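Asks: This is the structure, below, for whatever I ask next.
The values are calculated or read from the model by the stated rules, or taken from the named source; none is laboratory data. No experiment lies behind these values; they were computed from the predicted model shown. Backbone-built Cβ (ideal geometry, glycine too); neighbour counts: all protein chains shown.
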Amino acid sequence: MTRDLAGLRSVRGVLFDMDGVIYVGTKPLAGVQQAIDYLAETGRKFLFVTNNASKTPEQFVKRLAEMDIHIQPDQVLGSAEATASWLASQMGQPGWPRGPVIVMGQDGLKVALQKNGFELTTDPDAATYAVAGINFHLTYDELANVTLAIRRGAKFIGTNSDATFPSERGFLPGAGSILALLSTASGQQPQVIGKPNRGMYEQAMARLNVTPDQTLMVGDRYDTDISGAIPLGLWTAGILTGISTRNDFEQASPRPDLIVNDLPDLVAQLRQADNR
Ligand SMILES: [Mg+2]
């Protein structure tokens, strides 16, 4: 079933995936500023949403500024931040006592957890939660400690399950590969927050203070960006500047509401809905 695109007028917040939507590699894509300006002009908010958990918001802002894309730290949500704020939102619910966290991850994740009030530990016996994501410097000792923590009852949470990520060298092991190792070693499956899981979209909408029918998710990968947003009731736009092709989006079930060539095309289609 397709929705009447005139409903896009009620969109108040737009979530943009980053790689393949805002930039590719280190190159900004066309129309980023134009899209940001149109959203501001029509009273809409936006958030850049990425499964990348290695960076703090300030580090993302700096990386984007190097591509001449200028945003504020609260306009980007990585899965580290989303995981930390999601975990904080669980506190006090039955089975979710406040307690120390053992981390497999980098600054992005550690800083986000601390900012959300969590104490970090490296002691497997002290950990109430084990939170894992990408770590480019992981050691066997860290893997052992996080495994032991999970085996001794720490709740196992993952930032995102991307098996690989692209690099100049080819596809390298991503957070999902690290989760798979910890999962095999501990016998436990993690609860994962990043796209396509609902936690990420929920934290993003909470940040913008919008409901699903007021939210548009723009992404280049059907299986991560779009497939998770549809069941929650968000508007979705598949964009053709990254991984998925027009054919992928057209053949997908359910299909995204919009398929756009690039950001200028997205603005044109939003403008059309606004003027209807
Ligand atoms: Mg992408």
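Asks: Would you check which residues across the stretch 1-21 are more than 18 Å from residue 211 (Cβ to Cβ) and either more than 14 Å from the chain's Cα centre (by Cα) or without any contact (Cβ under 8 Å) to a residue 60 or more places away in the chain (or both) and list them?
Replies: Once the filter is applied, which keeps residues that are more than 18 Å from residue 211 (Cβ to Cβ) and either more than 14 Å from the chain's Cα centre (by Cα) or without any contact (Cβ under 8 Å) to a residue 60 or more places away in the chain (or both), the stretch 1-21 yields 1, 2, 5, 18.
Asks: Which one is surrounded by the most Cβ atoms within 10 Å (Cβ to Cβ) among residues in the stretch 222-243 that are away from the ligand (no atom under 11 Å from the Cβ) and among the β-branched types (Val, Ile, Thr)?
Replies: The residue in question is 236.
Asks: Given the conditions (1) within 16 Å of the ligand (Cβ to nearest atom); (2) more than 13 Å from residue 13 (Cβ to Cβ); (3) not charged (D, E, K, R), report the number of the one that residue 269 does not fulfil.
Replies: (1)
Residue-wise test of (1) closer than 21 Å to residue 189 by Cα; (2) outside the structural domain of residue 185 (by TED's automatic domain parsing).
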{"position": "58", "(1), (2)": "no, yes"}
{"position": "63", "(1), (2)": "no, yes"}
{"position": "72", "(1), (2)": "no, yes"}
{"position": "80", "(1), (2)": "yes, yes"}
{"position": "104", "(1), (2)": "yes, no"}
{"position": "143", "(1), (2)": "yes, no"}
{"position": "147", "(1), (2)": "yes, no"}
{"position": "150", "(1), (2)": "yes, no"}
{"position": "154", "(1), (2)": "yes, no"}
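Asks: Here is a follow-up. Looking at the stretch 26-66 only, could you name the residues that are within 15 Å of the ligand (Cβ to nearest atom), surrounded by 19 or more Cβ atoms within 10 Å (Cβ to Cβ) and either part of a loop (DSSP other than H, G, I, E, B) or more than 21 Å from the chain's Cα centre (by Cα) (or both)?
Replies: Answer for the stretch 26-66, where residues must be within 15 Å of the ligand (Cβ to nearest atom), surrounded by 19 or more Cβ atoms within 10 Å (Cβ to Cβ) and either part of a loop (DSSP other than H, G, I, E, B) or more than 21 Å from the chain's Cα centre (by Cα) (or both): 29, 51, 52, 53.
Asks: Given the conditions (1) within 21 Å of residue 199 (Cα to Cα); (2) within 16 Å of the ligand (Cβ to nearest atom); (3) surrounded by fewer than 20 Cβ atoms within 10 Å (Cβ to Cβ), report the number of the one that residue 78 does not fulfil.
Replies: Among (1) within 21 Å of residue 199 (Cα to Cα); (2) within 16 Å of the ligand (Cβ to nearest atom); (3) surrounded by fewer than 20 Cβ atoms within 10 Å (Cβ to Cβ), the lone unmet condition for residue 78 is (3).
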